[in-house]
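What follows is a short report on a single structure.
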Amino acid sequence: MKFKSLYIGAIVAASLVSCTESDFADNYTDPAKVAETTVGKQFTGMIYSFRNYVLPTYDDYFIGQRITNNRYTQAIGWVNVENQYVPGSEAINRRWRAFYETLAQYREIEKIFEGLSEVAAADQRIYMIAAKTFLYDQAQKEIDYHGDIPFTQAAMLSQNGGDYQSSYAPYDDAETLYTMMLDELAAMADEMNTMTVNPGVLAEFEIQDVINDGDLTLWKKYINSVRLRMLTRVSGTSTFSARATAEIGDILSNPATYPVVTSIEDFIAWDGYTAGTWMQANSFQTGLEDWDGNIAGKVILDHMLDNEDPRLTFVFEPGLEAEPGQYMGLDPLLNASAQNELVLAGTLSIYNRSTLSRNQNFPGIIISASEVNFLAAEYYLKTGQNAMAQAAYETGIFNSVDQYVYLRSISNNGDSPDPVVPTLADFESYLEKDGVSWTAATSTDEKLKLIAEQKWLHFNVIQPNENWAELRRLDLVDLEFWTDQSNQQSQPPYRWVYPSSEITYNSTNYAAVQSEDVLTNKIFWAK
């Protein structure tokens, strides 16, 4: 995968000599400037508006993931406190606001696009496909957090001439939205195979596209990989089961027509902030490390230690007061007093700072090769294709190891000990371990559990949204949680509640979903 250098001067008006983040935001998010912009510039602005939840940032990791997903998956260790399973209102409000700002940006793209001539619209069509793919990728996550969300009539303030009263949007049914998005993604996948992009538009698209640098093949892979993710997510429901089996089979059996991500060379990520540019991952450190956020969880670390996982030294490092090579995770079932003693001793293992939090070249990972491999392995397993399932499963592990080695290789930080680079023999030995071996598993359920565990190990803290969603869907990773005796939530929730702004400002429409707005209400695809 090549770095996609993001040069602001090439994205905003050519007359601008230099630019700051606030300049960028001003250029794209002010509705009053829509008449001055273009489909291409608005497309880049749409992606930029969601930057804090694609790139590894303080907003996402410290305010959001630290007290929600990374606890619910035990990807991290933490000291037990009352109400620890209740998602923080700030985390909910910020992510919700960022998503609807992004949706508003997309509405502006639609508005500009609809005003184009037929010829111009045909030329600019690639922007609409790319914008909708990115939007639906993020919309799926929003649905997977909350369930029903306002969408089809949401973020229409500009289209409604600034009339707030007519712009409060009703909630769309989650299953209906999944159906709509899957339909449109499938149509776009077919359209991409027949469309020809005007060379002049393509040259501009290569500049404006901060995710895939205008690479049409990568956009095809993005579209089909999102389809694969969404179809798998709903494959266990009566509504989608038959469709998911048919469409996943069609995608995987026709790689020339429906290509997907297959290696770290083509995984989908926003990696446009290499050293020396204006958008390095500077706030990842505070996002993961502040307030004892960087503590290894016992269960995930023990799995790696017990099976001599080749990713171990890339993902974790010994605590600052630990002996070299000594690894220990925090037990989630200990009482807070015992946990605090361990934290203060400084011997608990931490996430590898040079690979992750202090790696200012860390990309915003959107879809990884291993994720796609494990989705394929699940499909093959459930359709009785054991050899194909095993191959996809083992390729997923290989790609995961490869990805963590790659992430460390691009780091500009050397604070952590040098990791042990695994050999092919190390990898092959790992595949034979009791907690990993495909051939040692004797049933479909046991093999599905192996896939679920490897997803959990791979997603870890680098794809926390997918990690929590897949744990809720499959419920196959053995995790025990301390029981909170408070009266709000004794165990991790099944969803996030809606933000307080919906209750205050969209009260009429919120009333339709209020009865379902509880932490114990499962998303429709959850096991």
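The values are calculated or read from the model by the stated rules, or taken from the named source; none is laboratory data. Bear in mind the structure is a predicted one, so any value in this text is a computation, not a measurement. Here the Cβ positions follow ideal geometry from the backbone for every residue, glycine too, while neighbour counts run over all protein chains shown. For the accessible areas, the whole protein counts, side chains as well, though only heavy atoms, and no ligand, DNA or RNA atoms are used. Shrake-Rupley method; radii C 1.70, N 1.55, O 1.52, S 1.80 Å.
Side notes on the structure shown:
- Here the 3J(HN,Hα) profile of the range 454-463, calculated from phi with Karplus coefficients 6.51, -1.76 and 1.60 at θ = phi - 60°, is 5, 4, 4, 5, 6, 4, 6, 9, 8, 9 Hz, Gly and Pro shown as x.
- Remark: the range 130-137, residue by residue, has Karplus-estimated 3J(HN,Hα) of 5, 4, 5, 4, 4, 4, 5, 4 Hz, where x stands for each Gly or Pro and the curve is 6.51 cos²θ - 1.76 cosθ + 1.60 at θ = phi - 60°.
- Within the range 191-285, GluC sites (Glu not before Pro) in DSSP loop having at most 13 other beta-carbon neighbours inside 10 Å: E265
- Cα long-axis angle, helix 199-208 against the chain (0 to 90 degrees, to the nearest 10): 50 degrees
- Ignoring lysines fewer than eight residues from K41 along the same chain, the ones with Cα atoms less than 20 angstrom from its Cα are K4, K33, K111, K132.
- A simple charge model with +1 on the Cβ of Lys and Arg, -1 on the Cβ of Asp and Glu and nothing else charged puts the dipole of the chain at about 460 debye relative to its Cα centre.
- For the range 294-309, the Karplus equation 6.51 cos²θ - 1.76 cosθ + 1.60, evaluated at θ = phi - 60°, returns couplings of 9, 9, 6, x, 5, 5, 5, 5, 4, 4, 5, 5, 4, 9, 6, 5 Hz by residue, with Gly and Pro reported as x.
- Here is how the number arises for the chain: DSSP H runs of 4 or more residues each give -39500 (n - 2.57), the sum is divided by the residue count, and the result at 222 nm is -15000 deg cm²/dmol.
- Average accessible area per residue (Å²) across the chain - probe 1.4 Å, nucleic acids and ligands excluded: 39 Å²
- Across the cross-link table entries K382/K527; K382/K447; K141/K455; K221/K382; K382/K433, which are compared at the Cα atoms, the separations over 19 Å belong to K221/K382; K382/K433.
- Long-range amide H partners of I366 with built H, under 5 Å: I268, A269, W270
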